[in-house]
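What follows is a short report on a single structure.
Bear in mind these aren't lab numbers, they're just calculated from the coordinates by the rules spelled out. Fair warning: this is a prediction, and the values are worked out from it, not measured in the lab. We place every Cβ from the backbone using ideal geometry, glycine too, and count neighbours over all the protein chains shown.
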Amino acid sequence: MIEVAVDLGDRSYPVLVGKGVRSELSAVIPNGVRRVAVITQPGIGVEVDPGLPVEHFEIPDGEAAKDLTTIGSLCSSMAQSGFTRNDLVVGVGGGVVTDIAGFTAAVYHRGIRFVTVPTTLLGQIDAAIGGKTGVNLPEGKNLVGAFWQPSAVLCDTETLETLPPREYRSGMGELAKYNFLGGGALHELPLDERVAASVKIKADIVAADEREGGKRALLNYGHTLAHALETAGTYDMRHGEAVAVGLIYAAEVAHLLGRIDADRVAEHYRVLEAYELSNSLPENADHEQLLDLFSRDKKALDGVTFVLDGPSGPEVVVGVDRGVLAEALEKMP
């Protein structure tokens, strides 16, 4: 078992990584908790034992469940079951589940404690770490949410062994991102160390900028195009698949702006190849629609905002010209 600390003062918490660490759930439950609400989805198939009275709540499968209707339904069900501020939410599942469980915990009784047990690679290295919770609107992803830190995160790598190949590959898209945020050749590490190294990078960034006022925005590297592809709703792409394509696109934009050279762009292509990820836009991609969606991204500050690579690594760049963005789309495979 590898333990990584997310250092946030009196709200610090451990992230445990390794095979079978979900068995540590009872050990990380805060003092005073009386009951546990386990939130999960059909087919997750991962059992947890909090060692306390527990009630299970299933939310619908898929990204479509990540909306305010689901939050309202969960809060009503928990209220009917008598859950109070002294109780605990545990989210067991992928990023959709951990986002919904965290946001439910953030708003129920104005905030109760929660623990996440992410069961996907994407969830373990990204979605479940850092306290960003939220749901989607028709206008864009994650536009409604809250910062609400968990009491602990249990990244049980045993749960990854039964993931469908495409789901596992989707996680690789987020993993590829960390190669450019200080992770180096993560693909050369054993799985547990690869997950723990990614968690450590994210934990350090979160500790320095919990509410995304500056450095934390770097975690959105590759995500502006990814979120546009997902918001469009017409492309058959998982989140990590979209992020992988977004990394290439961000590199092409940075190259057009003179921030990086051709060798650095080629490095982005090599990293995706190492993770066996596609670097291509969907064949039917509507460039004008994607350009319009960039301005709705939650990072948008003063005009279109991107995280772009540069001489000192990725950084936030505000007000990227639409012409440059259009040209970069034309350069994509």
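Distance between Cα centroids, region 182-207 to region 221-252: provide it in whole Å.
21
I'd like to know which of Ala127, Ala64, Val36 lies farthest towards the positive end of the charge dipole of region 21-168, counting +1 on Cβ of Lys and Arg and -1 on Cβ of Asp and Glu.
Val36
Once Lys and Arg get +1 and Asp and Glu get -1 on their Cβ, which of Val320, Tyr13, Val307 lies farthest toward the positive end of the dipole of the chain?
Checking the options against the dipole of the chain, the answer is Tyr13.
Long-range amide H contacts for Leu8: which residues qualify at under 5 Å (H placed 1.01 Å from N, peptide plane, sequence gap of 5 or more or a different chain)?
Distant-sequence amide H within range of Leu8: Tyr13.
Based on alpha-carbon centroids, what's the gap between region 63-93 and region 4-50 in Å, whole number please?
With region 63-93 and region 4-50 each reduced to a Cα centre, they are spaced 16 Å.
Could you tell me what percent of the DSSP beta bridges with both partners in region 42-195 are antiparallel, to the nearest 5?
Within region 42-195, antiparallel bridges account for around 40 percent of the total.
Let me see the P(r) profile for region 128-194: every Cα-Cα distance counted, bins of 10 Å, each bin given as a percent of all pairs.
16, 35, 41, 9
Using only alpha-carbon positions, what ratio does the radius of gyration of region 2-163 give when scaled by 2.2 N^0.38 Å?
Working: Rg = 14.3 Å, N = 162, 2.2 N^0.38 = 15.2 Å.
Cα-based Rg divided by the globular estimate yields 0.94.
Once the Cα gyration tensor of the chain is found, what semi-axes does its equivalent ellipsoid get, as square roots of 5 times the eigenvalues, in whole Å, sorted largest first? Spell out each step's value before the answer.
Values: eigenvalues 225, 87, 63 Å².
Calculated on Cα positions only, the semi-axes equal 34, 21, 18 Å.
May I ask for the distance between the Cα centers of region 129-159 and region 263-299, given as a whole number of Å?
Using only Cα atoms, the two centres lie 23 Å from each other.
List the pairs from Lys215/Lys331; Lys19/Lys66; Lys177/Lys331; Lys141/Lys215; Lys66/Lys132; Lys66/Lys202 whose alpha-carbon separation is above 25 Å, in the order I gave them.
On the way: Lys215/Lys331 29 Å; Lys19/Lys66 28 Å; Lys177/Lys331 20 Å; Lys141/Lys215 21 Å; Lys66/Lys132 14 Å; Lys66/Lys202 23 Å.
Long pairs (Cα-Cα over 25 Å): Lys215/Lys331; Lys19/Lys66.
What share of all Cα pairs of region 1-50, in percent, falls into each consecutive 10 Å distance bin?
Bins of 10 Å from zero give 19, 45, 34, 3 percent of pairs.
For Glu161, Glu212, Glu3, which order do you get if you count the other beta carbons within 10 Å of each Cβ and list the fewest first? Display every interim value, and only then the final one.
Numbers: Glu161 9, Glu212 18, Glu3 13.
By the 10 Å Cβ count, ascending, the order reads Glu161, Glu3, Glu212.
Highest mean first, how do 132-138, 290-296, 51-57 rank when packing is the count of other Cβ atoms within 10 Å averaged over residues? Numbers along the way, then the final one.
On the way: 132-138: 19.7, 290-296: 17.0, 51-57: 13.1.
Descending mean neighbour count gives 132-138, 290-296, 51-57.
Below 8 Å between Cα atoms, with a sequence gap of 6+, how large is the relative contact order for region 2-163 in percent? Before the final figure, lay out each step's value.
Numbers: 341 pairs, mean separation 44.1, N = 162.
Relative CO of region 2-163 lands at 27 percent.
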